[in-house]
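Just below is one structure, and these are the notes that go with it.
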Amino acid sequence: MKKMYIICFLVFGVALSGIYIGSYQLTHKRLEAQEQTETTKLEPEPELLGAVSADETIITRKTTYVLEEYSLNDDTLSSEILTPPVEILGYDRKKMTEYIQEYMENLSPEEAGKGLISLELTSFSKDKVVLRKTYYQDKKKAQFYLDVQMGRVVVYQTEDDTLYAYTELKFNNLPEGLQREILAGKYIETIEELYHFLESYSS
């Protein structure tokens, strides 16, 4: 009988040990599964990071490109929606800033003659880019200015507003940007620049 008690006690102890070990392993697995779930939630997936970098703000063919021209002489602002120039496609804000700096450092004779004093990036996003050119013509230095009479461009002397010359340039045949400049008051500093201008737009 005593032997039977011992056997029963041993069987009961083994059963309790088995239950304890099984419970411990089950609890441990549940904790590991929970930790893995939390880690997965906290750590971003590589695919998401790739999607963010692919959405970098750059200029594309779909970007609306607006060019503004502001005249300090008469406080007028005009704007025109254009196709983004090929040379700036793929540019981000930093590259655009460098582009502007280089543009001003290597100013074309035409822009210098028009009195361009600054080029600013006033708005930048993947959907819309706005550049503003600011012009100022020193009337004291300019010898001539252009006007329109009877549909043709005429030249006046700045000093006394006297007529200097009639031209054969038809106002309506000129580019829209140049038409706006003439209407706003386009000044030309020297006789050489005047002849160069007239030759450039003569048919």
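By the compact-protein rule of thumb, 2.2 N^0.38 Å, the alpha-carbon radius of gyration of the range 127-183 corresponds to a ratio of 1.40.
Computed from backbone phi with θ = phi - 60° and the Karplus coefficients 6.51, -1.76 and 1.60, the 3J(HN,Hα) list for the range 149-157 is 9, 6, x, 10, 7, 10, 10, 10, 7 Hz; x is used for glycine and proline.
Once the Kirkwood radius over Cα pairs is known for the range 82-134, the Stokes-Einstein relation at 20 °C and 1.002 mPa s delivers a diffusion coefficient of 180 µm²/s.
Entry comment: accessible area of the range 70-122 is 65 Å² per residue, from protein heavy atoms only and a probe of 1.4 Å. Solvent-accessible area per residue in the range 129-201 equals 61 Å², computed with a 1.4 angstrom probe and all protein chains kept.
How would you classify the range 77-203 from its alpha-carbon gyration tensor, with a ≥ b ≥ c the square roots of the eigenvalues: rounded for a/c under 1.5, else prolate if a/b is greater than b/c, otherwise oblate? In terms of gyration-tensor shape, prolate. Taking each of LYS62/LYS128; LYS114/LYS139; LYS62/LYS114; LYS133/LYS170 in turn, the alpha-carbon distance tops 19 angstrom for LYS62/LYS114; LYS133/LYS170.
The values are calculated or read from the model by the stated rules, or taken from the named source; none is laboratory data. Worth saying up front: this structure is predicted, and the values here are computed from it rather than measured. For accessibility, only protein heavy atoms count, side chains too; no ligands or nucleic acids. Shrake-Rupley method; radii C 1.70, N 1.55, O 1.52, S 1.80 Å.
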